[in-house]
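A.B. asks: Quick one: the structure is below, and I'll ask about it shortly.
The values are calculated or read from the model by the stated rules, or taken from the named source; none is laboratory data. None of these values were measured; they are calculated from a predicted model. A quick note on method: Cβ atoms are made from the backbone with ideal geometry, for glycine too, and the neighbour counts reach across all protein chains shown. These area figures cover heavy atoms from the full protein model, side chains too; ligands, DNA and RNA do not enter into them. Shrake-Rupley method; radii C 1.70, N 1.55, O 1.52, S 1.80 Å.
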Amino acid sequence: MGQCGITSSKTVLVFLNLIFWAAAGILCYIGAYVFITYDDYDHFFEDVYTLIPAIVIIAVGTLLFIIGLIGCCATIRESSCGLATFAAILLVVFVTECVVVVLGYIYRAKVEDEVNHSIQKVYNEYSGTSMDAPSRAIDYVQRQLHCCGIHNYSDWRNTRWFKESKNNSVPVSCCQPGITNCTGTLTRPADLYQEGCEALVVKKLKEIMMYVIWAALTFASVQMLGMLCACVVLCRRSHDPAYELLVTTNSYA
């Protein structure tokens, strides 16, 4: 009965190690996705510490590759030291992912204030040239999120670019797709995106942070199961004489 329980736990451990390798790739992908997206929206979000959860989750993903290797070797060789190390590292990673979840919620709550604080300044820096970073950022966001202005297209009237250009037009990135010969003129407002960008940028950044939070929660639960299985194998090995005899016999075979 005891041997059956050990074998079952070992099977689960091997399966979990395979999951850890898959999880490592997924976590690194999510972290990289956050970095890439942040780069597209960084002018609207000045707090670089928001990247901490993404940095941590990439580090965790890298560590999971090593954990999977240690776990497989320890399980196959039935090494008490290896299993103990495996369980200890899993505990550290589990705590780290709990920290990622907490930081994710903290920074997710700060997104709206950060965007509200910086978006007006970014729009005031718009120059309409592709060589200018704020201009590229605004044009990118307006095209990607299908929005125009901060709250709506009329916000462009208060920008320095609009006043200097004196052509009563907004950037062509405000033009809805499918509209031919759209120049951004305010005399044809139906050609423009009607929704402002501020709320959509906040929504997008909060969604990104939720990806990190859910990824951390999901794999933290898997790691908890891995720790329990490792502890079961270790405890059964140390308290089950039949298992020790079996291991010794197999070692000499």
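A.B. asks: I need every pair where a residue in segment 105-119 that is touching a residue at least 40 places away in the same chain (Cβ under 8 Å) and open to solvent by less than 70 Å² (accessible area, probe 1.4 Å) has its Cβ under 6 Å from the Cβ of a residue that is part of a helix (DSSP H, G or I) and of a type outside the set (A, V, I, L, M, F, W, C), sequence separation at least 6 or different chains.
C.D. replies: Once the first residue is touching a residue at least 40 places away in the same chain (Cβ under 8 Å) and open to solvent by less than 70 Å² (accessible area, probe 1.4 Å) and sits in segment 105-119, its partners that are part of a helix (DSSP H, G or I) and of a type outside the set (A, V, I, L, M, F, W, C) give Tyr107/Thr50; Val111/Lys206; Ile119/Glu198.
A.B. asks: Does Ile55 count as within 25 Å of the chain's Cα centre (by Cα), assigned to a helix (DSSP H, G or I) and at pLDDT 75 or above?
C.D. replies: yes
A.B. asks: Output the residues belonging to segment 1-50 that are over 17 Å from Ser221 (Cβ atoms), at pLDDT below 70 and open to solvent by less than 40 Å² (accessible area, probe 1.4 Å).
C.D. replies: Scanning segment 1-50 gives Gly2, Gly5, Ile6, Ser9, Phe45, Asp47, Thr50.
A.B. asks: Any residue at all in segment 82-98 that is outside any helix (DSSP H, G or I) and either open to solvent by 40 Å² or more (accessible area, probe 1.4 Å) or touching a residue at least 40 places away in the same chain (Cβ under 8 Å) (or both)?
C.D. replies: No, there is no match, as no residue in segment 82-98 is outside any helix (DSSP H, G or I) and either open to solvent by 40 Å² or more (accessible area, probe 1.4 Å) or touching a residue at least 40 places away in the same chain (Cβ under 8 Å) (or both).
A.B. asks: Might you check whether a residue that is in a helix (DSSP H, G or I), at pLDDT 90 or above, of a type in the set (Phe, Trp, Tyr) and open to solvent by less than 10 Å² (accessible area, probe 1.4 Å) occurs anywhere in segment 142-163?
C.D. replies: Yes.
A.B. asks: Answer with yes or no whether Thr180 is open to solvent by 60 Å² or more (accessible area, probe 1.4 Å) and over 23 Å from Ala54 (Cα atoms). Write out each step before concluding.
C.D. replies: Numbers: open to solvent by 60 Å² or more (accessible area, probe 1.4 Å): yes; over 23 Å from Ala54 (Cα atoms): yes.
So Thr180 fits the description; yes.
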